[in-house]
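Peer 1: This is the structure I have questions about; it appears just below.
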There are 2 protein chains.
Amino acid sequence: MKERYKLPCNIAQTLNIVGDRWTLLILHDILIGHQTFNELKKNLEGISANLLSDRLKHLEKAGLVETEVYTKHPPRYQYKLTESGRDLEPVFDALLLWGRDHLDHCYKKMVHSDCQHEVELSYYCPSCKKTVDKSEINTISTVTSDLYTR
Amino acid sequence: MKERYKLPCNIAQTLNIVGDRWTLLILHDILIGHQTFNELKKNLEGISANLLSDRLKHLEKAGLVETEVYTKHPPRYQYKLTESGRDLEPVFDALLLWGRDHLDHCYKKMVHSDCQHEVELSYYCPSCKKTVDKSEINTISTVTSDLYTR
DNA sequence: ATACTAAGTTTAAAAAATCAACTTAGTTGT
DNA sequence: ACAACTAAGTTGATTTTTTAAACTTAGTAT
């Protein structure tokens, strides 16, 4: 896959890696435990084999997925997320929670196991060791020379 | 746009609304203040006019974007996010932070304005009024009849 | 009256995704 | 030993999306 978006923007560049059709769903399905090719194909109803194959190769190259032999004879592989793949979890959760709040039909929700109340996403400052409100956060450019960096 | 993914999954259904190419970038660009058609077109380098037009129509139908007249004579409109559009902010932030941690070149970061340290995403239980670790969260199906709901 | 701008639309071409059939290597049942 | 089966893809044709470039329309500025 070539670089689709050329924007100097974390979001655009991240979407160059995980923004293609089916890609996030494949990663999420691996995360929740579907690990072989046919298991993924079966669970991602509607995906075609060649697309799944292409995506897995691309994601392996990009370092988000790795393959592991789980039986020799016959040689069989399973797909697993690398650490950077697993680090997409907040992305999945943010999408899941948006769906919980705004879809006509919600399939899943996330609750605090202690009290069974629904949780939200928030921001945390590891230095101050506390939750901070979005209004206390500055989103700043790391590129000093470029005023238009996003 | 027809429903692309048929999976009973919040993430898939959310991506049916915002997962098309350019869509999240358009929403993000509106969020950060680019509001007219040409402003969006200029800032989303590489997008074609017809695609931007199609996406804006679709997002308006889906209730994430609304238009507002800002001058009559000549009639000029600006695009704004609705509340459900603004609620995508955690999605943008999760993507931004993944990029901060994993892209070769990071353009942006988020810092706590008090201490200038980088913030992270975390989970918050509004009932217990505290941050909860992911390990204390259950992701549960809201569809009692379907064991395979995601 | 002519040029310019905003906000698109139209059409053709290129790229990506879907669909269905085929391949290959190993395994199991008879 | 041979046929049927399974996992994990690959190949090629068709359809859908996206891109690219030119065109439109209404109002403004010179």
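Peer 1: Looking at the stretch B:141-148, can you tell me whether even one residue there is facing chain A (nearest Cβ under 7 Å), aliphatic (A, V, I, L, M) and either within 22 Å of residue B:15 (Cβ to Cβ) or touching a Pro at 6+ places or on another chain (Cβ under 7 Å) (or both)? Break it down into steps so the answer makes sense when it comes.
Peer 2: Step one: of the stretch B:141-148, the residues facing chain A (nearest Cβ under 7 Å) are B:141-143.
So of that shortlist, the ones also aliphatic (A, V, I, L, M) come out as B:143.
When the remaining residues are screened for being either within 22 Å of residue B:15 (Cβ to Cβ) or touching a Pro at 6+ places or on another chain (Cβ under 7 Å) (or both), the result is B:143.
Yes, the stretch B:141-148 contains at least one residue that is facing chain A (nearest Cβ under 7 Å), aliphatic (A, V, I, L, M) and either within 22 Å of residue B:15 (Cβ to Cβ) or touching a Pro at 6+ places or on another chain (Cβ under 7 Å) (or both).
Peer 1: Kindly provide the set of residues from the stretch B:1-46 that are facing another protein chain (nearest Cβ under 7 Å), assigned to a helix (DSSP H, G or I) and without any contact (Cβ under 8 Å) to a residue 12 or more places away in the chain, ordered by number.
Peer 2: B:13, B:14, B:15
Peer 1: Moving on. Which pairs turn up if I take residues in the stretch A:54-74 that are closer than 18 Å to residue A:34 by Cβ and look for partners that are within 16 Å of DNA strand C (Cβ to nearest atom) and assigned to a strand (DSSP E or B) with beta carbon separation below 9 Å, at least 6 apart in sequence or on another chain?
Peer 2: A:67/A:77; A:68/A:77; A:69/A:76; A:69/A:77; A:70/A:76; A:70/A:77
Peer 1: Same structure again: Looking only at the stretch B:57-96, which residues are over 14 Å from the mean Cα position of the chain (by Cα) and of a type outside the set (D, E, K, R)?
Peer 2: B:58, B:67, B:69, B:70, B:71, B:73, B:74, B:75, B:77, B:78, B:79
Computed from the coordinates by the stated procedures, all read-outs in this text should not be read as laboratory data. Since we're looking at a predicted model, the values are computed, not measured. Glycine also receives a Cβ, built like all others from the backbone with ideal geometry; neighbour counts cover every protein chain displayed.
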